[in-house]
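Step one of this worksheet: look at the structure below.
The values are calculated or read from the model by the stated rules, or taken from the named source; none is laboratory data. Values in this document were obtained by computation on a predicted structure and should not be read as measured data. Cβ placement follows ideal geometry from the backbone for every residue including glycine, while neighbour counts extend to all protein chains displayed. Side chains are part of the model used for accessible areas, which takes the heavy atoms of the whole protein and leaves out ligands, DNA and RNA. Shrake-Rupley method; radii C 1.70, N 1.55, O 1.52, S 1.80 Å.
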Amino acid sequence: MALVLNVSLCSTSKPLLSLSNSNSKPTVLHLPLLGFNAKQSRQPFQKLAFSLGETVSGATLVALLSASFVFVDPALAFKGGGPYGQEVTRGQDLTGKNFSGQTLIKQDFKTSILRQANFKGAKLIGASFFDADLTGADLSDADLRNADFSLANVTKANLSNANLEGALATGNTSFKGSNITGADFTDVPLREDQREYLCKVADGVNPTTGNATRDTLFCN
């Protein structure tokens with residue numbers, strides 16, 4: 001038995017949707033039109049008809065139609081991306097947040113405010129700090145291999161004994177005023193002005209890799 005659904009969008013008060021079959025009277029459902037001005041026209045401007053091979057109850061059909069209007073909070077699209085639960089860490093104000101000693105591999109901190117945040121001893125391999133504000137953050141003893149600091153503000157941060165092997169620091173990334181004693185900058189692409197600046201304050205040997213900070217920066 002075929003079931004026919006007719007949907008007509010019009011400006012009158014007539015039913016907008018009807019269900020019918022060859023053996024029974026039509027079942028009428030009233031569905032409101034959102035954002036439609038009834039004064040614009042009294043003529044139908046759209047009609048949709050389709051047949052279903054099986055009988056579907058009116059209640060089931062309404063449920064199916066309602067499901068298409070479920071919206072997802074846009075903020076949920078930006079998950080942390082790492083093991084920090086399901087909390088969003090991208091584009092957030094995380095000033096003073098304590099992440100010390102945590103495993104945050106490939107965590108997404110893009111564009112976040114991380115002023116005075118504590119990452120001491122944290123495992124941040126492949127984490128993204130793209131365009132983030134890390135002013136005054138504590139990154140000492142952190143594992144920052146392959147982390148992305150592109151466009152990040154890393155001024156006055158504590159990077160002592162941090163391992164930044166293979167990290168990205170492209171664009172206008174700034175380490176001005178930061179403590180880099182014992183930090184390992186092996187294979188970190190730095191602007192020449194940043195490299196020259198860091199060489200003026202570079203000192204110490206990284207306790208994990210055994211590399212001298214000045215050597216990893218190719219200081220003279």
Unsatisfied cross-links (Cα-Cα over 20 Å) in the set LYS97/LYS120; LYS123/LYS200; LYS106/LYS156; LYS106/LYS200; LYS123/LYS176; LYS97/LYS123: LYS123/LYS200; LYS106/LYS156; LYS106/LYS200; LYS123/LYS176
For VAL201, what accessible surface area do you get with a 1.4 Å probe? Give it in Å², rounded to 10. 60 Å²
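How would you classify the stretch 111-195 from its alpha-carbon gyration tensor, with a ≥ b ≥ c the square roots of the eigenvalues: rounded for a/c under 1.5, else prolate if a/b is greater than b/c, otherwise oblate? If you can, show how the numbers build up before the last one.
Values: a/c = 1.21, a/b = 1.07, b/c = 1.14.
Rounded shape, in that the Cα axes give a/c under 1.5.
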Could you run the Karplus curve 6.51 cos²θ - 1.76 cosθ + 1.60 with θ = phi - 60° over the stretch 190-203 and give me ³J(HN,Hα) per residue in whole Hz, x for Gly and Pro? 10, 5, 4, 5, 5, 4, 5, 5, 5, 5, 6, 10, 5, 6
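How would GLU192, GLU165 rank on accessible area, largest to smallest, probe 1.4 Å?
Working: GLU192 95, GLU165 55 Å².
Accessible-area ranking of GLU192, GLU165, largest first: GLU192, GLU165.
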Whole-Hz ³J(HN,Hα) for each residue in the stretch 154-170, computed from phi via Karplus 6.51 cos²θ - 1.76 cosθ + 1.60 with θ = phi - 60°, x for glycine and proline: what do you get? 10, 6, 6, 8, 9, 10, 4, 6, 6, 9, 10, 3, x, 5, 9, 9, 8
When the charge dipole of the stretch 105-220 is computed with +1 on Lys and Arg Cβ and -1 on Asp and Glu Cβ about the Cα centre, the Cα farthest towards its positive end, among GLN194, PHE109, GLY210, belongs to PHE109
